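Have a look at the structure below before the remarks.
The values are calculated or read from the model by the stated rules, or taken from the named source; none is laboratory data. From a predicted model like this one, the values you see are computed outputs, not experimental measurements. Cβ placement follows ideal geometry from the backbone for every residue including glycine, while neighbour counts extend to all protein chains displayed. Protein only, heavy atoms only, side chains kept; ligands, DNA and RNA dropped before computing areas. Shrake-Rupley method; radii C 1.70, N 1.55, O 1.52, S 1.80 Å.
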Amino acid sequence: MSKPNYTGIYHMVSQEHFEEYLAALDVNYALRKVVCILKPSKHIEHDVNTGKMKIKTVTTFKNFDMDFTLGQEFTEDLGPVDGRKCQTTVNWDGDKLICVQRGEKEGRGWTHWLEGNLLHLVSKQGELTVFRKV
């Protein structure tokens, strides 16, 4: 079975339970309020032959970059998000991307999947964000 190519630019169209997700990560109140009004876009470069991916989350406040190879653990600097570092692995589960983050905050991670021109993102804490490909 061939894996989907996630390459594209996606703009957020909806978000549920995001503030609760940030609170579970111990993000301070003021930063949670600012982050919850942002409308991020995701710029994804995905080389299906090598498994290399770059995911750039772009906002008017801060940008966040992930650069990795599927199936290989890497040190992720979450400084722009919550000041932490963790060991991260992103891999396939069928046609979904599953991210497992190990560090000082347990239970972190997310799942991405495509449905037509929509990119879905669900965190392990239950936050759901949907992006539309442009």
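For (1) out of contact with any Ser or Thr (no Cβ under 8 Å at 6 or more places or on another chain); (2) over 17 Å from residue 122 (Cβ atoms); (3) surrounded by fewer than 13 Cβ atoms within 10 Å (Cβ to Cβ), each residue gets a yes or a no:
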{"site": "3", "(1), (2), (3)": "yes, yes, no"}
{"site": "25", "(1), (2), (3)": "yes, no, no"}
{"site": "30", "(1), (2), (3)": "yes, yes, yes"}
{"site": "33", "(1), (2), (3)": "yes, yes, yes"}
{"site": "37", "(1), (2), (3)": "yes, yes, yes"}
{"site": "61", "(1), (2), (3)": "yes, yes, yes"}
{"site": "64", "(1), (2), (3)": "no, yes, no"}
{"site": "85", "(1), (2), (3)": "no, yes, no"}
Checked 22, 31 against criteria (assigned to a helix (DSSP H, G or I), within 16 Å of residue 110 (Cα to Cα) and of a type in the set (A, V, I, L, M, F, W, C)); the one match is 22
Every pair of residues 6+ apart whose Cβ atoms lie under 6 Å, when the first sits in the range 91-117 and is closer than 21 Å to residue 43 by Cβ while the second is of a type in the set (S, T, N, Q) and open to solvent by 50 Å² or more (accessible area, probe 1.4 Å): 98/91
Looking at the structure I just gave you, is residue 82 at pLDDT below 85 and on the phi > 0 side of the Ramachandran plot? no
